[in-house]
Amino acid sequence: MKKVKLSLATMLLVGSCSAINADSLIDAFKNGTTSGDISLAYEVRNQDKETSTYYSDTEYAVSSIGLYYKTASYKNFSLNIGMRAFTSIFEDDKDFDTGHGKGDSTERFYDYDGHSLLTDTYLAYDIDKVSIKIGRQKLYEMGLTHLFDGITVRTTPLENMNFDLIYVEGRGRADIKNIRPVEDINENKGLYKVALAYKFNENFKAKAYYFDAPDAYDMTGGRINFDTKFKEVKTGLQIQYIEASKDDLPNKDEELSEIKAYATYAGYTTTLGYYETGKDSDLYGAIAKTGETVVPFEEGDSSYDADAKTTYLQVSKSFGKTNVTALYGLMEHGKYDSDELDIWVGYNFNKNIAFTLGYTRMNMDEDSSYTDLDQLNATISYKF
């Protein structure tokens, strides 16, 4: 396939050409909607041993502002423009060199071109059963999470069937807790994904997907979900399997198997999950390279190791304006054992102001390459 170059200028050109000599285009811009947020993120981390710039003792606070504009639809086209600007307001060590800049915050918040980043900037085309986006967009699905430059085509060719075609060539992050520049994927060769999902009935659905990163790796996966209800209890089961093969290492396949059961009763949602990797897997090589949705932990790095087995229990509950989630997992990776505890608390003061608090504790074997960690983070955001 011919290389697709995606840029804001190209996207705007497409949008302009579609509206030449169309007076109603002015109304599309006049009737557009604006939204945004003003946010503050705080984090402090302490390790028993500092093993990298990421696993180092840091403390910082970063403020950011996000602005988003979406035109009204014109001949099924709409234009979305977003940006996020940020600045550090406190750092415990302003001279700490993370490789992305100096200061504790630059491990999570950085952009090589300054302190702002384009987000959610794409041209959309929507008609019955077809939705197309060209440009920078956020994705959250197996294999693709966070911010991407790319093209997504989502269709519903048959009732209860969804078919997706996706091409991405750059990935970054732009949220309240993490801002990173969009950088090339697969040495500028991009990544292609095809996914097919089908809902057989109200209880059973399945999805299959295939990735191709030219000259690097390919990945195939499948997932089934079964959901039902017993009186007042909603229950479900999910099974997923993924396999990736590297083009230059045909005998080093990566594997990830997952099974989880979940139930909701009286406002409590409980999930019991288990997943494991292949004996020779290095999940950072392919499966986790551009994002996955299996590992639920704040950290959870050891569960990506070869021959790793992870069991976890998660419980969530909402109390009026407050929601609480607790997650605990046991990980066996090689000859080492570890565990992680995550607690997240959210509180909505009103429809505009929200506060979140998160705590993570990792306990690692002393002889492993990992380190014990305590982390506390908090965010507050005003949305308009």
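The values are calculated or read from the model by the stated rules, or taken from the named source; none is laboratory data. Because the structure is a prediction, the values reported are computed rather than measured. For neighbour counting, all protein chains shown are included, and Cβ atoms are generated from backbone atoms with ideal geometry for every residue, glycine included. The accessibility values were calculated without ligands, DNA or RNA, using every heavy atom of the protein model including side chains. Shrake-Rupley method; radii C 1.70, N 1.55, O 1.52, S 1.80 Å.
So which residues in region 1-29 are of a type in the set (A, V, I, L, M), assigned to a helix (DSSP H, G or I) and either open to solvent by 60 Å² or more (accessible area, probe 1.4 Å) or at pLDDT 90 or above (or both)?
As a first pass, look at region 1-29 and keep what is of a type in the set (A, V, I, L, M): 1, 4, 6, 8-9, 11-14, 19-20, 22, 25-26, 28.
Of the ones still in play, those that are also assigned to a helix (DSSP H, G or I) are 8-9, 11-14, 25-26, 28.
Answer for region 1-29, where residues must be of a type in the set (A, V, I, L, M), assigned to a helix (DSSP H, G or I) and either open to solvent by 60 Å² or more (accessible area, probe 1.4 Å) or at pLDDT 90 or above (or both): L8, A9, L12, L13, V14, I26.
Of everything in region 81-109, what is outside any loop (DSSP other than H, G, I, E, B), within 18 Å of R173 (Cβ to Cβ) and not β-branched (V, I, T)? Give them in sequence order. Please lay out each step first, then the result.
At the first step, the residues of region 81-109 found to be outside any loop (DSSP other than H, G, I, E, B) are 81-91, 97, 102, 104-107, 109.
Okay, now just the ones that are also within 18 Å of R173 (Cβ to Cβ), so 82-88, 104-107, 109.
Within region 81-109, G82, M83, R84, A85, F86, S88, D104, S105, E107, F109 qualify.
So is G358 part of a strand (DSSP E or B), small (G, A, S), farther than 26 Å from R171 by Cα and within 23 Å of the chain's Cα centre (by Cα) or not? If you could, list the steps in order and put the result at the bottom.
On the way: part of a strand (DSSP E or B): yes; small (G, A, S): yes; farther than 26 Å from R171 by Cα: no; within 23 Å of the chain's Cα centre (by Cα): yes.
Taking the combined requirement at face value, the residue does not satisfy it.
Say whether the condition of being in a loop (DSSP other than H, G, I, E, B), under 30 Å from Y68 (Cα atoms) and open to solvent by 50 Å² or more (accessible area, probe 1.4 Å) is met by at least one residue in region 176-183.
Yes, there is a match, as at least one residue in region 176-183 is in a loop (DSSP other than H, G, I, E, B), under 30 Å from Y68 (Cα atoms) and open to solvent by 50 Å² or more (accessible area, probe 1.4 Å).
If a residue must be hydrophobic (A, V, I, L, M, F, W, C), assigned to a strand (DSSP E or B) and either within 17 Å of the chain's Cα centre (by Cα) or at pLDDT below 95 (or both), how many such residues does region 184-199 contain? Steps first, please.
First pass over region 184-199, keeping only residues hydrophobic (A, V, I, L, M, F, W, C): 185, 191, 194-197.
Then drop every residue that is not assigned to a strand (DSSP E or B), which leaves 191, 194-197.
Now restrict to residues that are either within 17 Å of the chain's Cα centre (by Cα) or at pLDDT below 95 (or both): 191.
The number of residues fulfilling the criteria is 1.
Picking from S316, S338, S303, which residue would you name as being out of contact with any Pro (no Cβ under 9 Å at 6 or more places or on another chain), farther than 29 Å from S52 by Cβ and open to solvent by less than 40 Å² (accessible area, probe 1.4 Å)? Please lay out each step first, then the result.
Numbers: S338 fails: farther than 29 Å from S52 by Cβ; S303 fails: farther than 29 Å from S52 by Cβ.
Exactly one of S316, S338, S303 is out of contact with any Pro (no Cβ under 9 Å at 6 or more places or on another chain), farther than 29 Å from S52 by Cβ and open to solvent by less than 40 Å² (accessible area, probe 1.4 Å), namely S316.
Let's see how each residue does on (1) surrounded by 16 or more Cβ atoms within 10 Å (Cβ to Cβ); (2) of a type outside the set (D, E, K, R); (3) at pLDDT below 95:
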position: N31; (1), (2), (3): no, yes, yes
position: G36; (1), (2), (3): yes, yes, no
position: Y42; (1), (2), (3): yes, yes, no
position: D93; (1), (2), (3): no, no, no
position: H100; (1), (2), (3): yes, yes, yes
position: T106; (1), (2), (3): yes, yes, no
position: K133; (1), (2), (3): yes, no, no
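Could you check region 214-259 and list, in sequence order, the residues that are over 19 Å from the mean Cα position of the chain (by Cα), of a type in the set (A, V, I, L, M) and part of a strand (DSSP E or B)?
I224, V233, L237, I239, A244, L249, I259
Regarding A306, is this residue among the small types (G, A, S) and in a loop (DSSP other than H, G, I, E, B)? So that I can check it myself, show each step before the final result.
Working: among the small types (G, A, S): yes; in a loop (DSSP other than H, G, I, E, B): yes.
So A306 fits the description; yes.
Conditions tested, residue by residue: (1) closer than 26 Å to L191 by Cβ; (2) of a type in the set (A, V, I, L, M).
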| position | (1), (2) |
| --- | --- |
| D97 | no, no |
| D104 | no, no |
| D113 | yes, no |
| Y125 | yes, no |
| K129 | yes, no |
| I132 | yes, yes |
| G135 | yes, no |
| L139 | yes, yes |
| L144 | yes, yes |
